[in-house]
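The values are calculated or read from the model by the stated rules, or taken from the named source; none is laboratory data. Not measured: the values here are computed from a predicted model. All Cβ positions, even for glycine, are placed from backbone atoms using ideal geometry, and neighbour counts span all protein chains on display. Side chains included, ligands, DNA and RNA excluded: accessible areas come from the protein's heavy atoms. Shrake-Rupley method; radii C 1.70, N 1.55, O 1.52, S 1.80 Å.
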Amino acid sequence: MAVKKKKAAKKKATKKKAAKKATKKKAVKKKATKKKATKKKATKKKAAKKKAVKKKATKKKAAKKKATKKKAAKKKTKRKPNAAFMAPVTPDAKLAAVVGAKPLPRTELTKKLWKYIKKNGLQDSKNKRMINADAALKAVFNGKGKVSMFEMTKLVNKHVKK
């Protein structure tokens, strides 16, 4: 009988050990799931931080690019006008009635001519490339009533002395 009691005691001890192991395993599993959950949260936070950092970095890069563009714009030298355009020309009597008798550069002469055309509403309303001549401009345009803006420069050139 003593042997049977020992065997029964051993079985109870092994059952207790097994029960303890099972509770330990459950506790370990709970801890593992908690760790996984915290790891997932941590990775999500890290990913969010990385995205935020990347966004900030891209903004900084864009700001740097803008700054370099501004610097490049400052480095450019001012364009020098062509001397031939800036040379003063003298309009003849017919053209002087429209732009004045003083010698002036071709660019200014063209500006004054366009100012006169716009002021008097001589540009054709349907076809903006055409200019309807009034009495003063007819003399400049060799008697033509309608002239294209490209032909106008050619006709004005004949009334200019260098």
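Starting from residues that are touching a strand residue (DSSP E or B) at 6+ places or on another chain (Cβ under 8 Å) and either farther than 26 Å from Lys161 by Cβ or not charged (D, E, K, R) (or both), keep the ones in region 103-118 and report whichever is surrounded by the most Cβ atoms within 10 Å (Cβ to Cβ). Among residues in region 103-118 that are touching a strand residue (DSSP E or B) at 6+ places or on another chain (Cβ under 8 Å) and either farther than 26 Å from Lys161 by Cβ or not charged (D, E, K, R) (or both), the one surrounded by the most Cβ atoms within 10 Å (Cβ to Cβ) is Leu109. Tallying residues that are without any contact (Cβ under 8 Å) to a residue 40 or more places away in the chain and open to solvent by 60 Å² or more (accessible area, probe 1.4 Å) within region 147-160 yields 4.
Kindly indicate whether Ala97 is modelled with pLDDT under 90 and either open to solvent by 90 Å² or more (accessible area, probe 1.4 Å) or under 21 Å from Lys161 (Cβ atoms) (or both).
no
Taking region 119-146 as the range and being without any contact (Cβ under 8 Å) to a residue 24 or more places away in the chain, closer than 19 Å to Leu95 by Cβ and open to solvent by 30 Å² or more (accessible area, probe 1.4 Å) as the test, the residues that pass are Lys119, Asn120, Gln123, Asn132, Asp134, Ala135, Lys138, Asn142, Gly143, Lys144, Gly145, Lys146.
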